[in-house]
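The values are calculated or read from the model by the stated rules, or taken from the named source; none is laboratory data. Computed from a predicted structure; not experimentally measured. Every residue, glycine as well, gets a Cβ built from its backbone with ideal geometry; the counts of neighbours run over all protein chains shown. Protein only, heavy atoms only, side chains kept; ligands, DNA and RNA dropped before computing areas. Shrake-Rupley method; radii C 1.70, N 1.55, O 1.52, S 1.80 Å.
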Amino acid sequence: DQVVKALSEAQQRKWLEIVGEQYDLSTVRVAAAAAPELRGIEGWLNSKPLTLEGLRGRVVVLHFIAADCINCVRNLPHYKEWHEQFDGREVTVLGVHTPETGAERDPDHVREELDGHGVT
């Protein structure tokens, strides 16, 4: 709201054209759903096996990654930072490796990639 007030009338019209009218989110009904349990995981790196049931009551940051995907690799420093920032709090950062290539199906290759980026 403060941003819009700082704009000229012409800028405000353009802003509304781009983002649309403000929406009152308090009118949206809360819809809660439980995440499905983790299944089909063949191995764990950097952790003992975890379950969402066992993590109940914690904030769980769940991210999907492919070891050789450039976009995924570029996000690793952020996940590592979150892990360090929230250490000792009720937060678990959990990465799920979803291989896209044959090389990515090799756990040793994945471990090397994670180690290379300091992901523990």
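How do the helices (runs of 4 or more DSSP H) wholly within region 1-95 filter down when requiring 1 or more residues that are more than 28 Å from GLY116 (Cα to Cα) and among the aliphatic types (A, V, I, L, M): which remain?
Fully inside region 1-95 and qualifying: 2-5, 9-19.
Applying the selection to region 102-120, what residues are out of contact with any helix residue (DSSP H, G or I) (no Cβ under 6 Å at 6 or more places or on another chain), part of a helix (DSSP H, G or I) and open to solvent by less than 70 Å² (accessible area, probe 1.4 Å)?
Scanning region 102-120 gives GLU104, VAL110, GLU113, LEU114, GLY116.
Yes or no, residue by residue, for (1) closer than 20 Å to PRO99 by Cα; (2) at pLDDT 85 or above; (3) open to solvent by less than 90 Å² (accessible area, probe 1.4 Å); (4) among the β-branched types (Val, Ile, Thr):
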residue: VAL30; (1), (2), (3), (4): no, no, no, yes
residue: THR51; (1), (2), (3), (4): no, yes, yes, yes
residue: VAL59; (1), (2), (3), (4): no, yes, yes, yes
residue: ALA66; (1), (2), (3), (4): yes, yes, yes, no
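Considering each residue of region 64-87, count those that are over 15 Å from THR120 (Cα atoms) and not charged (D, E, K, R), and give that number.
Going through region 64-87, the residues over 15 Å from THR120 (Cα atoms) turn out to be 64, 66, 68-72, 74.
Adding the requirement that they be not charged (D, E, K, R) leaves 64, 66, 69-72.
Summing the residues that are over 15 Å from THR120 (Cα atoms) and not charged (D, E, K, R) in region 64-87 gives 6.
With the structure loaded, tell me whether LEU45 is under 21 Å from ASP106 (Cβ atoms), in contact with a Leu (Cβ under 7 Å, 6 or more places away or on another chain) and open to solvent by 40 Å² or more (accessible area, probe 1.4 Å) or whether it fails that test. If you could, list the steps in order and put the result at the bottom.
On the way: under 21 Å from ASP106 (Cβ atoms): yes; in contact with a Leu (Cβ under 7 Å, 6 or more places away or on another chain): yes; open to solvent by 40 Å² or more (accessible area, probe 1.4 Å): yes.
It is true that LEU45 is under 21 Å from ASP106 (Cβ atoms), in contact with a Leu (Cβ under 7 Å, 6 or more places away or on another chain) and open to solvent by 40 Å² or more (accessible area, probe 1.4 Å).
What is the one condition in (1) open to solvent by 60 Å² or more (accessible area, probe 1.4 Å); (2) of a type outside the set (Ser, Thr, Tyr); (3) more than 29 Å from GLU100 (Cβ to Cβ) that GLY20 does not satisfy?
(1) is the only condition that GLY20 fails.
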